[in-house]
1. In the neighborhood of Pro140, defined by Cβ-to-Cβ distances under 14 Å, what is the net charge if each Lys or Arg adds +1 and each Asp or Glu adds -1?
2. Give the dimensionless ratio obtained when the Cα radius of gyration of region 72-152 is divided by 2.2 N^0.38 Å.
3. Express in nm, to one decimal, how much length is gained between Glu325 and Arg228 on full extension, taking 0.36 nm for each residue of separation and deducting their alpha carbon distance.
4. Would you please state which residues of region 93-118 a label at Asp165 would reach in this model, taking the label point 7 Å out along Cα→Cβ and a backbone N cut-off of under 19 Å?
5. Taking one equal scatterer on every alpha-carbon of region 242-341, how large is log10 of I(q)/I(0) by Debye at q = 0.13, 0.24 1/Å?
6. Rank these for me by crowding, Phe92, Phe303, going from fewest to most other beta carbons within 10 Å.
7. For the ranges 160-172, 263-275, what's the packing order if you count other beta-carbon atoms within 10 Å of each residue, average per peptide, and put the highest first?
8. Sorted from largest down, what three extents in whole angstroms do the Cα atoms of the chain have along their principal axes?
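No lab work stands behind these numbers, since they all come straight from the coordinates. Keep in mind that what you see is a predicted model, and the values were worked out from it rather than measured. Counting neighbours? That spans all protein chains shown, and the Cβs are built from the backbone with ideal geometry, glycine included.
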Amino acid sequence: MEQATGHQINSRQTRQSLDDTHLMGRLHKGYVQLKQQIHNTIVGQEKVIDSMLCSMLAGGHCIVQGVPGLAKTMMVHAIADAMKLKFNRIQFTPDLMPSDITGADIIQRDPQSKQRRYEFIKGPIFANVVLADEINRTPPKTQAALLQAMQEREVTVAGRTYELDQPFFVLATQNPIEQEGTYPLPEAALDRFMFMIYIDYPTAKEEHLIVKQTTTGRKNAVQSVLDRSDMVLFQEIVRMAPVSDTVIAYCIRLARATRPDDPLATPMVKKYLKWGAGPRAGQYMTLGAKAMALINGRITPSFEDVSAVCPLVLRHRIIPNFNAEADGISIQAILEDLIENVSPPK
């Protein structure tokens, strides 16, 4: 009897493993199709697209920093179109109010009863993909209107709570050049974003192709290859993907090494950082590494996957001190030194 029970359990485990392998293969195939459609309108930017899609698959949000004209809006729009997701863009300005994002109660007259009543008009936050353009141009009061939606996937207005449709993804952009009339996001708000992505200028070859494609009358359309339910399923697959304790320990070790008072802190961290990353960094590194492995056709993440997502997770969670500014030490240099000197656990 015990042998039969054991055989049944092994059979169930085998079927579950086969199902998991099938689902992970489906995710990889969907990712390849999605990326092909994005490249119908976007030239190059391989790492940026990979980072955005990893964040979406892991259920996180992104903040993108780059000069104007690098196709940030077009990139997000292409992702939404390729997945039949509702897309809204919010242009942040100094006079933008929280109700302009969340929506508000409007007095309406009932055509039947002739009575006036409040009716909630949904704001642009009620979408699957929200582009928060130049988020640092609006005051903190309006910036805070995004926080509940990003964390709890719901919006509260006038004492009533409204759930957002899944999946829900916020991509915020910042212009690194202009500093006048801007309101830098506080650390608590930055911590809500899973990745901070830098977009650089295209190469000469890519820029030639961009100009050639965009100065003709022909437009390359993005076809829908996935839908909303596919992304919800893919996010569940990322969550249930296996990860070893040593990979988790490596994520935690990297996060703790950014704290100047921690025994794991490197000499460069102790000299140039004022504050390090919190526990959320380890969580996001683990999820990001799992998503990175899956989009590359691997079931479980490796130390290399952790190293790949580490700068994306940490660059907006560490705060340099005066010594770093005086010596001209950038956050990127500190993170490169961190990855080089913090070894994975054995």
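1. Values: positive: Arg137, Lys141, Arg192; negative: Glu187.
Result for the local shell: +2.
2. Values: Rg = 15.5 Å, N = 81, 2.2 N^0.38 = 11.7 Å.
Its radius of gyration relative to the 2.2 N^0.38 Å reference: 1.33.
3. Details: separation 97, 0.36 × 97 = 34.92 nm, distance 4.47 nm.
Value of the extension gain: 30.5 nm.
4. Counting backbone N atoms under 19 Å from the label point, the list is 101-104.
5. -0.43, -1.18
6. Values: Phe92 22, Phe303 16.
Least to most surrounded, the residues fall as Phe303, Phe92.
7. Working: 160-172: 17.9, 263-275: 16.2.
Answer by packing, highest mean first, reads 160-172, 263-275.
8. Extents along the principal axes: 72, 69, 51 Å.
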